[in-house]
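First comes the structure, then the notes that go with it.
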Amino acid sequence: MKKKPLIALIGTGGTIAGSAPSRTQSARYLPASVGVEAIVDGIPELRENYAVSLAQPFQLASYDMAPRQWMQLLGVVGAALADPAVDGAIITHGTDTLEETAFFLHLSLDTIKPAVLVGAMRPSTAYSADGPANILDAFRVASDGGACGRGCLVVMNGRIHGARDVSKRHVSSVEAFDSGLAGAVGEVSDQQVRWFQRAWRPPVLSLDLRAELPRVDIVASYAGSDAVALEACVKAGARGIVHAGLGNGNAPPGVREALQTLVNKGVALGRCSRWIPGGLTRNSTMFDDDRLGIWTAGALPPHKLRIAMMVAIAHGLKGSDVQAWLDRVVEPASTA
Ligand code: SIN
């Protein structure tokens, strides 16, 4: 008899573990209220086709998650995948910050084995629950050889997304996740996996699990904005600031003067667009990034540039080494 793949299923909460008093309720419910074991028990096909090990390091809605939980998860997932018998790991997660946890693990989890994040837009009790199908798909992907060496993946609504490009782009639809211009890396249909893109991942930066991630804040620009928020973040102890700029990363007058002097004050500065698709122009007319020591990262949105900066600073990278690594994060290696 063929050996069943061994998958480590790590529950963290979210809507996929949510419940409501009525089966017709899909938008008003309590997230993170069903344990990961009960979720597996509700899908008999899982134990029929896979050997499953279970862990539940915490049970939270993902809007309650913070960098402390990312570090905890890095330890739990890393330990699970270090077991030679384990073929892949799946993390059930709330969708609000799913892409943040996925990107954090993508940059810091040193493994070629599949690590798949999965969530749901409807609570487990709803007639329209999408969790069971998403979990079945996630198991299929986590046990697929083609998932190896891709870093963290996100499986939602029949699509397989890479952690760098995926974002939640709808507040309630089951088709909430999208990879924008880059596109999904694959799909799962009727338990068949198809890959659209070749396997590739950025160089991973190892982290000391006992250390705290540094504070990095996001400051967004808008018509007429000034430096008040920026200065407040610096005062609060930010080691880095992400400027979520206008258009191609531009800033109104009061903000750009403050930004141009930030790095000289010892605060790292990353520059991106306030989430308009497309790769940011480095060394623009407004910002001479090389001279000012500003970090940029192609099309990364503000919340993902923040994570990349946190990981780089925590790892101990400095100055132009950070930019060289960010360039690798956003561009496939030439061999890809
Ligand atoms: C959460 O992020 O935990 C709540 C929303 C969701 O999972 O869809």
Q: Count, please, the residues in region 222-256 that happen to be in a helix (DSSP H, G or I) and open to solvent by 10 Å² or more (accessible area, probe 1.4 Å).
A: 10
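Looking at region 1-19, which of its residues are open to solvent by 10 Å² or more (accessible area, probe 1.4 Å) and closer than 8 Å to G94 by Cα?
Within region 1-19, T15 is the sole residue that qualifies.
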Q: Of the conditions (1) touching a residue at least 24 places away in the same chain (Cβ under 8 Å); (2) open to solvent by 50 Å² or more (accessible area, probe 1.4 Å); (3) assigned to a strand (DSSP E or B), L153 clears all except one; give me its number.
A: (2)
Q: Could you tell me whether region 59-69 includes any residue that is of a type in the set (K, R) and within 26 Å of S172 (Cβ to Cβ)?
A: no
Q) Would it be correct to say that N250 is out of contact with any Phe, Trp or Tyr (no Cβ under 8 Å at 6 or more places or on another chain) and modelled with pLDDT of 95 or more? A) yes
Q: Quickly run through region 16-73 and pick out the residues that are within 14 Å of the ligand (Cβ to nearest atom) and of a type in the set (G, A, S).
A: A17, G18, S19, A20, S26, A27, A32, S33, A61, S62, A66
**Q.** Matching entry among A133, A163 (being closer than 24 Å to Y50 by Cα and of a type in the set (A, V, I, L, M, F, W, C))
**A.** A133
Q | Residue ID - least open to solvent (accessible area, probe 1.4 Å), chosen from residues in region 66-117 that are more than 20 Å from G14 (Cα to Cα) and among the charged types (D, E, K, R) | A | K113
Q. Can you name the helices (runs of 4 or more DSSP H) wholly within region 263-336 that have at least 3 residues being aliphatic (A, V, I, L, M) and open to solvent by less than 20 Å² (accessible area, probe 1.4 Å)?
A. 302-315, 319-330
(Q) Just to check your reading of the model, which residue among A120, A147 is open to solvent by less than 30 Å² (accessible area, probe 1.4 Å), out of contact with any Pro (no Cβ under 7 Å at 6 or more places or on another chain) and at pLDDT 95 or above? (A) A120
Q. Can we say V171 is in a loop (DSSP other than H, G, I, E, B) and at negative phi?
A. yes
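The values are calculated or read from the model by the stated rules, or taken from the named source; none is laboratory data. Note that this is a predicted model, so its numbers are computed, not measured. We place every Cβ from the backbone using ideal geometry, glycine too, and count neighbours over all the protein chains shown. Each accessible area value is taken on the protein alone, full model and side chains, heavy atoms only, with ligands, DNA and RNA left out. Shrake-Rupley method; radii C 1.70, N 1.55, O 1.52, S 1.80 Å.
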